[in-house]
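Worksheet for the structure shown next.
The values are calculated or read from the model by the stated rules, or taken from the named source; none is laboratory data. Not measured: the values here are computed from a predicted model. Cβ sites come from the backbone with ideal geometry, for glycine too, and all protein chains shown count toward neighbours. What goes into the accessible areas is simple: the full protein's heavy atoms, side chains included, and nothing from ligands, DNA or RNA. Shrake-Rupley method; radii C 1.70, N 1.55, O 1.52, S 1.80 Å.
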Amino acid sequence: LQTTLRPYQHQGYIWLHNLYQWAPGACLADDMGLGKTIQTLAFLSTRPGPFLIVGPTSLASNWYYETRKFCPKLDPSVYRGTQRKNILLHLRENSLIITSYNLLARDIDVLQNIDFSIFVLDEAQSIKNAQTARAQAAKRIKANFVLTLTGTPIENHLSDLWSLFRVSNPGLLGSQPQFFKRFVKENRREALAKLLSPFILRRLKSQVAADL
């Protein structure tokens, strides 16, 4: 990794590395601007691929150039355009595929046939509605580990959590009706926080101000 992580970012990397050993997925929910991208790239740079990163179309170029700048051993490709499926023909352990939620939904019949090492969902609140095509497509991706990234205060919307964790940690929150009855209807925020605490890392700017 061609940069030095701030102390809290290094902590995030260690947290991801440890979860990778035993959990199916995690949610990095740091405030915007605290470096979720660089923490993710640090994590990916120590693991074998191929990797899939999905996010808003506007962020694809940023992921590409950040990868090229900080992780020279990784081979990033932006999956778009009429010839995009050719990118999938020669995937290697250092391949990193970057695409949008719209293309994920459009090409899911192809993408679901690939065994990815790590699947990253940037701005993961984009799949907060489980009924959308993008959320259903994300559920069909095969990966050893799923990482959701969101700077949104996810604890404010309990119903959104089920859709995110259905992808990253399948079965943890039960079915949607079970989740609604157990946590939303009875407003059991503390019980839900305790259940999810091993799988969510959230830091506010005020908490890490000394490192900034």
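Here is the figure for the range 125-182: residues that are among the basic types (Lys, Arg) and within 14 Å of Leu196 (Cβ to Cβ) total 2. The residues listed here are Gly174, Gly151; of these, the one that is at positive phi and either touching a helix residue (DSSP H, G or I) at 6+ places or on another chain (Cβ under 9 Å) or of a type outside the set (Ser, Thr, Tyr) (or both) is Gly174.
Table: residues versus (1) touching a residue at least 40 places away in the same chain (Cβ under 8 Å); (2) open to solvent by less than 10 Å² (accessible area, probe 1.4 Å); (3) basic (Lys, Arg).
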position	(1), (2), (3)
Arg6	yes, no, yes
Trp22	no, no, no
Cys27	yes, yes, no
Asp30	yes, yes, no
Phe43	yes, yes, no
Leu59	yes, no, no
Asn62	no, no, no
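For the range 160-191, filtering for residues that are out of contact with any strand residue (DSSP E or B) (no Cβ under 7 Å at 6 or more places or on another chain) and open to solvent by less than 70 Å² (accessible area, probe 1.4 Å) leaves 15. Beta carbons closer than 6 Å, at least 6 apart along the sequence or on distinct chains, pair a first residue in the range 83-103 that is at pLDDT 95 or above with a second that is in a helix (DSSP H, G or I) and among the aliphatic types (A, V, I, L, M) for Ile98/Ala60.
Restricting to the range 59-96, name every residue that is closer than 21 Å to Gly33 by Cβ and not β-branched (Val, Ile, Thr). If the condition is that a residue be closer than 21 Å to Gly33 by Cβ and not β-branched (Val, Ile, Thr), then Leu59, Ala60, Ser61, Asn62, Trp63, Tyr64, Tyr65, Glu66, Lys69, Phe70, Cys71 are the ones that fit.
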